[in-house]
Amino acid sequence: MDLVDAPDGMPIASKTLVIKPENQADIRRSNGSRNVKFHIPDYIGYWLPSQSNFTFNIKMEGRGCPIPSRDAGMHSLFQTIRSHDGTGSHLLEEVIQYNTLVSQLFNYTKSEGTENTRAMYEGVQANTTLDNNIYWALAGGTNWSGGIINQSYIARDVQIVAPLRTKLYDTNAYIPVGAMGGIRLEMLLDNYLRSLEYTTGSLAVEAANGVPVYPLAQIPGGEMAAVGAQTAQAQFLLTAFAGSTTGANYQANFLYTMINSNGVDIGYVKVLTVDGGGDPLTCEMYCLGMPGATATVPIPSEDDLITLGTPAAAGSVAKVIKVNKGWNSFGLGAKGNIYQYFHLPLWADNTGSAATLATAAVTAGSPGSVVSPPNLATSFGSDTERDPYRIVAPRATAAYDPTGCYPGTIMPFSIGDKLYQSTVDGQFEVYLGAVAEVQEYRNTGMPRLLFSSDRPAITAVLANDAAAPAIPAGQKLLTGGEYAYTHTKLGIKAYVKHNDRVNGYASANINPALTAAANSAINFTISDIQYQVKQIDMPESASNADMAAANSERGLQIDLETVETRLTNQAAIQGPTQNLISIPNITRALGVMSVPLNQNEQQGLQFKSLRGFPDNMTSYQYELGQMGLVPNRPVPVEKASLNNPLIQTQETNEKMKTLDSFGVGVSNLNLVPMNFSVGRQFSRPNMYFNLMAAGDLTLRSQYDNAQNFPKLFCHYINHIRSININKGGMQIMN
């Protein structure tokens, strides 16, 4: 029987039957690598896989808005798909690295219609934003709409309805399950660290991908250190209020209450220096909040006016100071209120424009001339994409809107995130605390983070004219010395760490309202798994004929395409390399596709683990044993390694022929270099090639420049498998 033959007696009646897995318990992180097993019983008779669907519900947990890989959607959860006959003694199909294969094939079949279908049914989150996210919403269940974000994102319960994308489970042919005695299916889930990714990718995850802080200045000593022609920058603007020495009576190194424009005590200011009449010349914030307070109070921001507490001396006059531009209320980081938040404005522009950096970087020896920072873009990370314009604005291909982070369509931080900062050159890493809110910064359209400092609170009640007690070094937010945006330090960046999100963390010093979010670990729940089998009621004559053939000596012959997976390791070396691909008993081969995975990026949600990377591959050929190299000349692919990758004519032709041999119609070549693979078609359509006669199959690739990482090559060989069912049993031939 040829599976593509339409049976007689059309039309054919059909119905859908629901099959439950043998183990119906929910799948979570703790048991996420177990097998899911189904038994399709023989009484089904005939089965139409392409109209049968696996359905389940999935709900994500944790910070960073984790989602299944956007390259494969729900298919990324499964590492191996294996099928046997009803007795379990004959292997019908086995696809290892199934999720990597689907990721590759999805890459070539993108269109508006397929993308919408995959989003609605197969769990593919198409874009890298929080807006219109399938899996996550703001508190209240709505999409991002701007405003203040001060609650953890809400995970949606997503239903998946899709066939498996293997040759057996996605075929349009009728499968005689009755003649096979049923079919047993095993689905092995992959490690969640490989299957999942953050919605915004690697942005702000680990120091290498940190987001620059605006205005690029946080100094524990209170002033920006001057370098060359730079001007020191104080926390408070005092010039406009200095000069009136009558009745000031402030004392250096003493504390004074800090009262905002609403008359609310919001913390303490330390007067550093005074003039002859006790008028403050320089000040710094000592701590925010009042000891023992149980509620948040407004946070000082630049341009805010603050009234200092009046000194105790008779005739003293209260002074008004102004938060300086470019200062973001850090001070020493000491706090008197566990509920009070510091704020951290983010630099949301990757252009490094001179106008924006006017107060930051000045050419030494040339007062007043401004230069752009040399390495600002390096602090954004690349989201493992190779297009430099996809650094911060994944939705944009050639331009970036500096207000794109707010409202936070690409906001990489979540409530409860464990926040770090360091200089852009990686020195002086400091743990700050837990992210508490996301707000807009000074009506700029740019975001700022509010965070709860993970430092012990000052418990003593202090009065005006109180001498400032020493603050332990461990309580200071910054302990690396005075630094700022200079020619050597290159500014400051903020980021989180992957392991803190994966496992959660605990702290006694942050606002208790953030405890649950901080403790939250990356997790997921897969529930209500079932297989909706499309049963076909074949005409009695056709069914009887098949059963008669299956019970005869000649037998019932079924030809089925299938994909064989072979894995090889390749060290990161320069020059020619070769990967020997084992090909046992494959006599009717159609094509091969080889995907080089980065072995260093297989265990983290900040990586696109299922994507192939060229990594300076220059050219490739396959060697077919005694038949030699094919094609006759090496296929050049060096342009796929460019930062803005390009496709090449011969490479594209080879790839399209390879996909044709896999039965995949190419509908999109725009993003092909972003998910790299090489391949070769062995035969023309409706024909096949005897690999056994050719001998060994080897991938030979050339690297003119050194590779950057070791690779796991996934080689997928598409071929025809023959299943013969006769009175003596079942035989399977490749």
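The values are calculated or read from the model by the stated rules, or taken from the named source; none is laboratory data. Please read all numbers here as calculations on a predicted model, not as lab measurements. Glycine also receives a Cβ, built like all others from the backbone with ideal geometry; neighbour counts cover every protein chain displayed.
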Taking only pairs six or more apart or across chains, which ones have beta-carbon atoms under 7 Å, a first residue in region 533-549 that is outside the structural domain of ARG184 (by TED's automatic domain parsing), and a second residue that is among the aromatic types (Phe, Trp, Tyr) and assigned to a helix (DSSP H, G or I)? none
If the requirement is being within 19 Å of SER677 (Cα to Cα) and either touching a residue at least 12 places away in the same chain (Cβ under 8 Å) or within 20 Å of the chain's Cα centre (by Cα) (or both), which of these qualifies: THR100, THR87, THR80? THR100
Do you know which residues across region 536-560 are assigned to a strand (DSSP E or B) and crowded, with 20+ Cβ neighbours inside 10 Å? ILE536, LEU556, ILE558
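Among residues belonging to region 169-204 that are under 30 Å from HIS498 (Cα atoms) and among the aromatic types (Phe, Trp, Tyr), point out the one that is nearest to the chain's Cα centre (by Cα).
Residues of region 169-204 that are under 30 Å from HIS498 (Cα atoms), as a first pass: 187-204.
After this cut, where a residue has to be among the aromatic types (Phe, Trp, Tyr) as well, the list is 192, 198.
Numbers: TYR192: 13, TYR198: 3 Å.
If we take residues in region 169-204 being under 30 Å from HIS498 (Cα atoms) and among the aromatic types (Phe, Trp, Tyr), then TYR198 is nearest to the chain's Cα centre (by Cα).
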Here is a list: GLN606, GLN648, GLN621. Which entry is at negative phi and without any contact (Cβ under 8 Å) to a residue 24 or more places away in the chain? GLN648
Given the condition modelled with pLDDT under 95, part of a strand (DSSP E or B) and outside the structural domain of TYR688 (by TED's automatic domain parsing), answer yes or no: does some residue in region 504-515 qualify? no
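Yes/no matrix, rows are residues, columns are (1) in contact with an Asp or Glu (Cβ under 9 Å, 6 or more places away or on another chain); (2) surrounded by fewer than 21 Cβ atoms within 10 Å (Cβ to Cβ); (3) aromatic (Phe, Trp, Tyr):
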{"residue": "ILE67", "(1), (2), (3)": "yes, no, no"}
{"residue": "ARG70", "(1), (2), (3)": "yes, no, no"}
{"residue": "ILE81", "(1), (2), (3)": "yes, no, no"}
{"residue": "SER89", "(1), (2), (3)": "no, yes, no"}
{"residue": "PHE106", "(1), (2), (3)": "yes, no, yes"}
{"residue": "LEU130", "(1), (2), (3)": "no, no, no"}
GLN602 meets each of (1) farther than 30 Å from PHE413 by Cβ; (2) surrounded by fewer than 16 Cβ atoms within 10 Å (Cβ to Cβ); (3) touching a Lys or Arg at 6+ places or on another chain (Cβ under 7 Å) with one exception, condition (1)
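Among the listed residues MET60, MET74, identify the single one that is assigned to a strand (DSSP E or B), in contact with a strand residue (DSSP E or B) (Cβ under 6 Å, 6 or more places away or on another chain) and crowded, with 22+ Cβ neighbours inside 10 Å.
Working: MET74 fails: assigned to a strand (DSSP E or B).
The unique qualifying residue is MET60.
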Kindly list the number of the only condition in (1) under 20 Å from THR55 (Cβ atoms); (2) at pLDDT below 90; (3) not aliphatic (A, V, I, L, M) that fails for ASN107. (1)
Residues of region 112-132 that turn out to be hydroxyl-bearing (Ser, Thr, Tyr), at pLDDT 80 or above and assigned to a loop (DSSP other than H, G, I, E, B), as a count: 0
Yes/no for ARG566 being part of a loop (DSSP other than H, G, I, E, B), out of contact with any Lys or Arg (no Cβ under 7 Å at 6 or more places or on another chain) and at pLDDT 85 or above: no
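Per-residue answers, yes or no, for (1) closer than 29 Å to VAL595 by Cα; (2) out of contact with any helix residue (DSSP H, G or I) (no Cβ under 7 Å at 6 or more places or on another chain):
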residue: PRO68; (1), (2): yes, no
residue: GLY86; (1), (2): no, no
residue: VAL95; (1), (2): yes, no
residue: LEU101; (1), (2): yes, yes
residue: TYR108; (1), (2): yes, no
residue: ALA137; (1), (2): no, yes
residue: TYR153; (1), (2): no, yes
Got at least one residue in region 114-125 being free of Cβ contacts under 8 Å to residues at least 60 places away in the same chain, surrounded by fewer than 16 Cβ atoms within 10 Å (Cβ to Cβ) and among the small types (Gly, Ala, Ser)? no
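Could you check how many residues of region 619-646 are of a type in the set (A, V, I, L, M) and in contact with a helix residue (DSSP H, G or I) (Cβ under 6 Å, 6 or more places away or on another chain)?
The qualifying residues number 6.
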Take the residues in region 10-26 that are at pLDDT below 85 and surrounded by fewer than 12 Cβ atoms within 10 Å (Cβ to Cβ); name whichever of them is nearest to LEU168 (Cα to Cα). ALA13
Those residues of region 627-645 which are within 19 Å of GLY591 (Cα to Cα), in contact (Cβ under 8 Å) with a residue 40 or more places away in the chain and out of contact with any strand residue (DSSP E or B) (no Cβ under 8 Å at 6 or more places or on another chain) amount to MET627
Is it true that GLN702 is of a type in the set (S, T, N, Q) and either under 34 Å from the mean Cα position of the chain (by Cα) or crowded, with 19+ Cβ neighbours inside 10 Å (or both)? yes
Within region 654-683, residues being in contact with a Ser or Thr (Cβ under 9 Å, 6 or more places away or on another chain) and among the charged types (D, E, K, R) number 2
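Report yes if ALA513 is over 30 Å from LEU105 (Cα atoms), of a type outside the set (S, T, N, Q) and either in contact with a His (Cβ under 7 Å, 6 or more places away or on another chain) or surrounded by fewer than 19 Cβ atoms within 10 Å (Cβ to Cβ) (or both), otherwise no. Before you say what the answer is, go through the steps one by one.
Numbers: over 30 Å from LEU105 (Cα atoms): yes; of a type outside the set (S, T, N, Q): yes; either in contact with a His (Cβ under 7 Å, 6 or more places away or on another chain) or surrounded by fewer than 19 Cβ atoms within 10 Å (Cβ to Cβ) (or both): yes.
Yes.
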